[in-house]
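I have placed the structure first, in the form of structure tokens, so that the comments after it can refer back to it.
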Amino acid sequence: MVWVSTRWKILLMLAPTLIVFTMFVIYPLVYSGMFSFTKFQGFGNPSWIGFDNYVGLFTDPFFWQALQNTVVILVVSIAILIPAAFALALLLRRAIPAGGVLRALVFGPAIIAPILVGLIWVFILDPKIGLLNRVLGDLGIPSLQWIGGNYLTPISVSAVFIWSSVGFAMTIFYAGLQLLPADVMEASSLDGATGWQQLRFVTIPMMRETFAIVTILMITNVFKIFELVYMLTGGGPVHRSETLVSYMYFITFTNQQYGYGMALAVVITVLGAIISVGYLAAVRRKEAKA
């Protein structure tokens, strides 16, 4: 009876969260999945068309362009953001003058709304009115098409995303570093380990879970990038700078192809899940071998 009552107490405590999660996550996912097999323009009755929306997606050149841009942003962001955030956490962990102020300044961009982040960086990266090209012009360097062009836009979006997210990731790493057992660090010092050896063989291995958490959060955040692209380029020219989410928005709410947009939403969800689960599986395999 004690076990039964304890089980029901746990269920009752979880009930509010489960209800909210079902309403705002599970139900929209199921709803989107159902409409992804239909042709629906927001009015009238949807008509069942089977897998036609998915076939259309994989023959849509703009979908592949959006996927390519998203992958570039993901790779660049993960390769630069996570090491940079960890390095900042290591630096700001030290007893340096005004350390609290510096941590607040680094974290500051993370609390700015993404739509405002995009607006700020428009005035820096815009090829015609942007501050960056003005500075380059004063130095005698030719102006570049930072946003709205064929090649540099994904890199520019990655840079803006890193700027806005590095403080958030740094805070998680900083918290993880604060939780490291002091006796282990002291023991490694007494054993003659240098600072680099401590970092490589003690700190980083003990921070594996923190690295996994930050990486998963950054993967999911990249797959949600919309406001930055919307403000920086609007997806143009001719959808060359779209990400998967911005292209889904265009299909669904501008072209009013709701079934087609829902199919793309399902694909985005599946891709994000595959990458996240694959990364976690790789981490667990590596831990099992260690």
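Observations, loosely collected:
- The residue of the range 137-160 that is nearest to F226 (Cα to Cα), among those that are in contact with a Ser or Thr (Cβ under 6 Å, 6 or more places away or on another chain) and of a type in the set (A, V, I, L, M, F, W, C), is I147.
- The lone criterion from (1) within 21 Å of the chain's Cα centre (by Cα); (2) exposed (fewer than 12 other Cβ atoms within 10 Å of the Cβ); (3) within 18 Å of H239 (Cα to Cα) left unmet by G108 is number (3).
- Of all the numbered requirements in (1) surrounded by 15 or more Cβ atoms within 10 Å (Cβ to Cβ); (2) of a type outside the set (V, I, T); (3) in contact (Cβ under 8 Å) with a residue 40 or more places away in the chain; (4) in a loop (DSSP other than H, G, I, E, B), M170 misses one, and that requirement is (4).
- Helices (runs of 4 or more DSSP H) wholly inside the range 191-240 that include at least 1 residues being within 20 Å of A282 (Cα to Cα) and without any contact (Cβ under 8 Å) to a residue 40 or more places away in the chain: 208-222
- Counting only helices (runs of 4 or more DSSP H) that sit completely within the range 1-68, those holding 3 or more residues that are loosely packed, with under 11 Cβ neighbours inside 10 Å and at pLDDT 90 or above correspond to 2-21.
- The number of residues in the range 263-285 being of a type outside the set (A, V, I, L, M, F, W, C) and in contact (Cβ under 8 Å) with a residue 60 or more places away in the chain comes to 3.
- Filter result (at pLDDT below 85 and not in a helix (DSSP H, G or I)) within the range 96-113: I96, P97, A98
- Within the range 72-83, the presence of a residue that is closer than 30 Å to L228 by Cβ, assigned to a helix (DSSP H, G or I) and in contact with a His (Cβ under 6 Å, 6 or more places away or on another chain) is excluded.
- Search result, residues across the range 83-99 that are surrounded by fewer than 16 Cβ atoms within 10 Å (Cβ to Cβ) and either of a type in the set (S, T, N, Q) or closer than 15 Å to T215 by Cβ (or both): P83, A84
- Some residue of the range 240-256 being more than 23 Å from S36 (Cα to Cα) and in contact with a helix residue (DSSP H, G or I) (Cβ under 9 Å, 6 or more places away or on another chain): yes
- Within the range 125-158, considering residues that are touching a residue at least 24 places away in the same chain (Cβ under 8 Å), surrounded by 19 or more Cβ atoms within 10 Å (Cβ to Cβ) and among the polar types (S, T, N, Q), the one nearest to I73 (Cα to Cα): S158
- Filter pass, I80 being touching a residue at least 40 places away in the same chain (Cβ under 8 Å), surrounded by fewer than 16 Cβ atoms within 10 Å (Cβ to Cβ) and on the phi < 0 side of the Ramachandran plot: yes
The values are calculated or read from the model by the stated rules, or taken from the named source; none is laboratory data. For clarity, every value in this text was computed on a predicted model and none was experimentally measured. Glycine also receives a Cβ, built like all others from the backbone with ideal geometry; neighbour counts cover every protein chain displayed.
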